[in-house]
Amino acid sequence: MDNLHNTDNKKKISLRVAVILVCMAAGWLLVFPVGIIRDTKISRTAADYSMNTGPVGEVAAIQEFVPAYDRLQSLGVDIGKLDGKADQGTLYLEFFDADLNAFASIPYDIHEMNDGTLTDIPVNLKLKAGERYYVSVRSEDTGDTPPILHYRSKSGNGPAENLNFYYGPGVIEDASANIRYTYEIPLNPGQILFYDSLILLAGVVLMWMTGSFRNYNSEENKGI
């Protein structure tokens, strides 16, 4: 009877160990190659804004840009609310490819935006690094006073993504919208090793807390 009891306990312990090992393996796969955990990379201007567009209501401000990475998590936009007069309505970020085909329109409540500093607007777009795109900034339902968009000289200030800057159909020479690009990027090998090590440590701790190691060794000794 003791041998049967010992065998049954060993099977239960082995099952617990197997479940933990499967969970650890699943965690490793989710880190790489699935990539459920990602790092972020931020690119923005090295200078504060110094100039303003006209109202971005019926007339849009348009920034031509080339993304550095494939996944754009958010776009930081810097508007001016004109002493609180432009604090209502909806701001729209509209994205176009190089052939001016629209593929995304992101609305954001102007009242929730900062005045004169960057507001990060989630966009979560899959782009192609190195290809040309346009983002149009305009607003609706703003009453008599739409907000303005801040920009500054492009020369030497970055971000490197920005190319031509337009207000309506006309390009503004040596101008670049005050924009912040936040990307999601894959983990590097060192980061993957770090997360894999955490999963390994968690698995070992879980086995110890559930008594899998101790109980298995105890059952082994009883069987001798």
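The values are calculated or read from the model by the stated rules, or taken from the named source; none is laboratory data. What you see is a predicted model, and the numbers here were worked out from it, not measured in a lab. When we count neighbours, we look across all protein chains shown, and the Cβ atoms used for this are built from the backbone with ideal geometry, even at glycine. Surface areas here come from the heavy atoms of the whole protein model, side chains and all, with no ligands, DNA or RNA. Shrake-Rupley method; radii C 1.70, N 1.55, O 1.52, S 1.80 Å.
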* Would you be able to say whether some residue in the range 152-168 is touching a Phe, Trp or Tyr at 6+ places or on another chain (Cβ under 6 Å), crowded, with 16+ Cβ neighbours inside 10 Å and among the polar types (S, T, N, Q)? => yes
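Can you name every residue in the range 42-59 that is part of a strand (DSSP E or B), within 14 Å of F165 (Cα to Cα) and open to solvent by less than 50 Å² (accessible area, probe 1.4 Å)?
Scanning the range 42-59 gives T53, G54.
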* Give just the number: which of (1) out of contact with any Leu (no Cβ under 8 Å at 6 or more places or on another chain); (2) without any contact (Cβ under 8 Å) to a residue 60 or more places away in the chain; (3) open to solvent by less than 20 Å² (accessible area, probe 1.4 Å) does F95 not satisfy? => (1)
* Just one of (1) surrounded by fewer than 16 Cβ atoms within 10 Å (Cβ to Cβ); (2) closer than 19 Å to E64 by Cβ; (3) at pLDDT 95 or above trips up H111, so point out which. => (2)
* Could you tell me which residue of the range 130-151 is nearest to the chain's Cα centre (by Cα), considering only residues that are part of a loop (DSSP other than H, G, I, E, B) and surrounded by 14 or more Cβ atoms within 10 Å (Cβ to Cβ)? => R132
* Looking only at the range 184-194, and only at residues there that are at pLDDT 75 or above and open to solvent by less than 80 Å² (accessible area, probe 1.4 Å), the one that is farthest from A46 (Cα to Cα) -> G190
* To do: Among the residues of the range 1-35, write down those that are among the β-branched types (V, I, T) and at pLDDT 80 or above.
  => V19, I20, V22
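One line per residue, one yes/no per condition, for (1) open to solvent by 60 Å² or more (accessible area, probe 1.4 Å); (2) under 17 Å from R138 (Cβ atoms):
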{"position": "R38", "(1), (2)": "yes, no"}
{"position": "A61", "(1), (2)": "no, yes"}
{"position": "E64", "(1), (2)": "no, yes"}
{"position": "L72", "(1), (2)": "no, no"}
{"position": "L75", "(1), (2)": "no, yes"}
{"position": "K81", "(1), (2)": "no, yes"}
{"position": "A86", "(1), (2)": "no, yes"}
{"position": "T90", "(1), (2)": "no, yes"}
* Could you please give the count of residues in the range 173-183 that are modelled with pLDDT of 95 or more and either in a loop (DSSP other than H, G, I, E, B) or open to solvent by 40 Å² or more (accessible area, probe 1.4 Å) (or both)? => 1
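Going through the range 63-94 one residue at a time, which ones are assigned to a strand (DSSP E or B) and more than 26 Å from S50 (Cβ to Cβ)?
Hits for the range 63-94 are R71, Q73, T90.
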